[in-house]
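Working notes for the structure below.
What follows is calculated from the coordinates using simple rules that are stated; it is not laboratory data. Keep in mind it's a predicted model, so treat the numbers as computed, not measured. Counting neighbours? That spans all protein chains shown, and the Cβs are built from the backbone with ideal geometry, glycine included.
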Amino acid sequence: MKATVLEHYAFSWPLSAPQEIPRPAAVEAGAWRRFSRVARLAAAAAAPVLDPAELDRDELPMFFGTGLGEYSSSYGFLKSLFTRGPAMASPLLFQNSVHNAAAGHLSIALGLRGPSETLCAGALTTLRTFERALCWLEANSGFALVVLADDVNGESADGWRLGGMMGEPGEGGAAFLLAAADPRAEATLELLPRSEHAMAASSRRAAPFFCTADAQAVSNALFAGGEHRFDYPGCTLVASRL
Amino acid sequence: MPAPVHLAATGCLTTFGDLEGTFAGLSEGAWPFGSGPGWAPGDLPVAQVHADVGALDRHRTFALAKAALLPLYGLDGTGLAVVFATTTSAMLLGEDAIEQHVQGQPVEVGEDLLCSHLAHRGAESVGDWIGATGPRLVVSTACTSGTVAFGIGADLLRAGRCRRVLVVGADALCRTTVYGFRSLGAHTRTACRPFDVDRDGMSIGEGAGFALLELGEGETELAGVATRTDAHHLTAPEPGGEGLIRAIRAATRGFEPGEIDHVNAHATGTPTNDGVEARALAVAAPGAWISATKGATGHTLGAAGVIEAVLLAESMRRGIVPASRGCQNPIEGVAVANVPRARVQRLGVSVNLAFGGHNAALALRFRGAA
């Protein structure tokens, strides 16, 4: 499966050096205040790649991948429940606690009314989200928006630290505007099968728990030019700049 | 034309037990709602699974999934993909860790519990249990997750990414959702009465369902799956139901609206949802019989789309549109019944709506003997 890449944008930083997430001009300030941190990361990545004027936002599919999901909002909701009691449990945090809250916020703010899917596959989230988008394009052609975001910040990181789950926590966002085949594109993404030997080798690699590290690497590779291969269990993602 | 995909096997586990028990429970049997587990507030009626599933997995959501999947245990997992639909994954145990943490107590739980929020654990747990060697992923679009999972599975098959797909939906009762819907004022304190003029809210349930998808023609084919977004509000549907209408039309592309025989509606029992849905169905599926199964199963959230698709398939196979428990005085124009009705169904649709302004529709075509 193969698609062309029309636009891409990615950013990330370690928890030890957090940065403010810039509000895209396309998102109103009032809406931005209601966004979870994951939604802000996703919007900051997605807005810049949605420039092509011919995109039909009523039909553009969005595939949103997140490894951790809305952990911060879930944590915040439960904290409000456990410390202040059921009567004071926060409905705002609850509605932001579902994994597709970020996709919902993006849909409202950017006027996206097409298909939408929120996908989680742990350390393989970037791969599976691309795989899903490539499957979609093979079946439907047209365009597909891939957005990836994970946040690890403040109190929500305590759980991960306590569990020793994350050696180097970080957060970020990434977005890719794909097309089944577009002559304007200067880059491609392709998913190839791998041999059993390669599967065994790749399954031993240590993977980060946040998905945007992989997405950042793919975006960097597309900027760098040439062909870059990302090996995963069972398949290889090939990012090429034409 | 896309290659045909059919449902080779289906099953579920709800408060009424397996598929046989659940289908019977849609129309009759004991009152499904009770006060729930010990941590649950006593004034909110919820639908709990009574089967003892604890030995299958320490995480109740995954245990429910495995209990539903027991009829498939021993299935050849070679080339089998797992698409797992859930809303809160294994959050029930993760809540214990967070409660201890926010109250300043030592967290007496291990890495497994701290990771219980990670939604992908469901696909991994089921995939390992059944020996699936194909792709594994979780779809988590809240209450539409289960319906969306069918579309992902069908595309994986058609793209040659796997030989078969196991679509699984599961969610257990947990404090996040029970107290969360209570905080929104969406949970009934009396009874779930979908499409009833006096409805006053939803009742959360727990459960799991599965469908084994294979390429090729079969008795029950997946005719289409589609999602569309309202871009209107995070928790309230667009009042005209345009997103749902567009999703149904996309899922039934190639058919006329009048050809839809039966719709298993989302029908949560909240005043807003059911009103919007009734308006949308009048446009997108005029003349169809409507069934609202959450008055029996409760709203099983991420599992709902799978369970309801399985119940729709069973309804088509039996030629019976089930009753809609809890609905005594239906909204005008909604063709629900309080007794089961015999009806041949060639084209059936199951729909779900979710947070995020999300609408999903799935169409099944029955090719078996009526």
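If you keep only loop residues by DSSP, which trypsin sites (Lys or Arg not before Pro) in segment B:204-302 have at most 11 other Cβ atoms within 10 Å of their Cβ?
Values: sites: B:228, B:246, B:249, B:253, B:279, B:294; in loops: B:253.
Taking segment B:204-302 and a limit of 11 other Cβ atoms within 10 Å, the loop trypsin sites (Lys or Arg not before Pro) found are B:253.
Restricting things to Cα coordinates, could you compute the convex hull volume per residue of segment B:94-217 in Å³? Present the calculation step by step, with values, prior to reporting the outcome.
Working: hull volume 17.8 nm³, N = 124.
Cα-based convex hull of segment B:94-217, divided per residue, equals 144 Å³.
Any chance you could list the semi-axes, whole Å, largest first, of the equivalent ellipsoid that the Cα gyration tensor gives for chain B, using √(5λ)? Don't skip to the end; give the middle numbers.
Working: eigenvalues 166, 129, 67 Å².
Square roots of five times the eigenvalues give 29, 25, 18 Å.
For residue B:289, enumerate residues with amide H under 5 Å from its amide H, sequence gap 5+ or separate chain, H modeled in the peptide plane.
Here the answer is B:262, B:263, since their amide H atoms fall under 5 Å of that of residue B:289.
Between B:102, B:263, B:138, find the one with the highest GNM mean-square fluctuation for chain B; connect C-alpha pairs within less than 10 Å.
With Cα springs under 10 Å in chain B, the top fluctuation among B:102, B:263, B:138 is at B:102.
With a 10 Å cut-off between alpha carbons and a GNM built on chain B, which of B:356, B:77, B:29 moves the most?
Highest fluctuation of the listed residues: B:29.
Which values of log₁₀ I(q)/I(0), to two decimal places, follow from the Debye formula for segment B:221-366 at q = 0.11, 0.21 Å⁻¹ with a uniform point scatterer at every Cα?
Here log10 of I(q) over I(0) equals -0.34, -1.40.
In what sequence, highest mean first, do A:84-92, A:63-71, B:266-274 appear when ranked by Cβ atoms within 10 angstrom? Each step should come with its number before you reach the end.
Working: A:84-92: 14.4, A:63-71: 29.1, B:266-274: 25.3.
Final packing ranking: A:63-71, B:266-274, A:84-92.
Would you calculate the volume per residue, in Å³, of the smallest convex hull containing every Cα atom of segment B:5-215?
Values: hull volume 28.1 nm³, N = 211.
For segment B:5-215, the hull spanned by Cα atoms encloses 133 Å³ per residue.
About the Cα centre, and with charges only on the beta carbon of Lys, Arg (+1) and Asp, Glu (-1), how big is the dipole of the protein assembly as shown? Nearest 20 debye, please. Show your work: numbers first, answer last.
Values: 47 positive and 61 negative charges, 75 e Å.
Roughly 360 debye, rounded to the nearest 20.
Which one of B:369, A:188, A:69 has its Cα pushed farthest toward the positive end of the charge dipole of the protein assembly as shown, where Lys and Arg give +1 and Asp and Glu give -1 at the Cβ?
Projecting each Cα onto the dipole axis, the largest value belongs to B:369.
If the cut-off is 16 Å between C-alpha atoms, which aspartates and glutamates fall inside it for residue B:66, apart from same-chain ones fewer than 8 positions away?
B:18, B:52, B:57, B:76, B:124, B:128, B:171, B:206
Under a 5 Å amide H to amide H cut-off, with H placed in plane at 1.01 Å, what residues pair with residue B:5 once short-range neighbours are removed?
Excluding prolines and chain starts, which carry no amide H, the hits are B:216, B:222.
What is the Å³ per residue value for the convex hull set by the Cα atoms of the protein assembly as shown? Can you show the working numbers first?
Working: hull volume 83.9 nm³, N = 612.
Dividing the Cα hull volume of the protein assembly as shown by its residue count gives 137 Å³.
Once both axes come from the Cα atoms, what is the angle between helix A:101-110 and the longest principal axis of chain A, in degrees from 0 to 90, rounded to 10?
Tilt relative to chain A: about 70 degrees.
Using packing as a proxy for protection, rank A:183-194, B:189-200, B:41-52 so that the peptide with the highest average count of other Cβ atoms within 10 Å comes first. Show your work: numbers first, answer last.
Working: A:183-194: 15.4, B:189-200: 21.2, B:41-52: 17.5.
Averaged packing, sorted descending, gives the order B:189-200, B:41-52, A:183-194.
Summarise the long-distance tail of P(r) for segment A:2-241 by giving the % of C-alpha pairs beyond 24 Å.
Details: 12838 of 28680 pairs.
For segment A:2-241, the fraction of Cα-Cα distances above 24 Å is 45 percent.
At 222 nm, what helix-only mean residue ellipticity would the protein assembly as shown give, in deg cm²/dmol to the nearest 500, using -39500 (n - 2.57) for each DSSP H run of four or more? Walk me through the numbers on the way to the answer.
Working: 20 runs with 197 residues, N = 612.
Helix-only estimate at 222 nm: -9500 deg cm²/dmol.
Within 10 Å of each Cβ of A:132-143, how many other protein chain Cβ atoms are there on average? Let's see the in-between values first.
On the way: counts 10, 0, 3, 11, 4, 2, 5, 7, 2, 0, 0, 0.
For this peptide, the per-residue mean of nearby foreign Cβ atoms is 4.
Take chain A, connect every pair of alpha-carbon atoms lying under 10 Å apart with a spring to form a Gaussian network, then pick out the residue of A:140, A:220, A:100 with the largest mean-square fluctuation.
Fluctuation is largest for A:140.
Residues with beta-carbon under 11 Å from that of residue B:7, excluding residue B:7: net charge, scoring Lys, Arg +1 and Asp, Glu -1? Let's see the in-between values first.
On the way: positive: B:317, B:365; negative: B:214, B:219, B:221, B:314.
Within the 11 Å Cβ shell, the charges total -2.
Treating cross-link reach as a plain straight distance, find the aspartates and glutamates whose alpha-carbon is under 16 Å from the alpha-carbon of residue A:79, omitting any fewer than eight places away in the same chain.
Once the sequence-local aspartates and glutamates are set aside, what remains near residue A:79 is A:70, A:155, A:158, B:95, B:96, B:99.
P(r) for segment A:40-133: what percent of alpha-carbon pairs falls in each 10 Å bin, starting at zero?
Result, from short to long distances: 16, 40, 29, 13, 3 percent.
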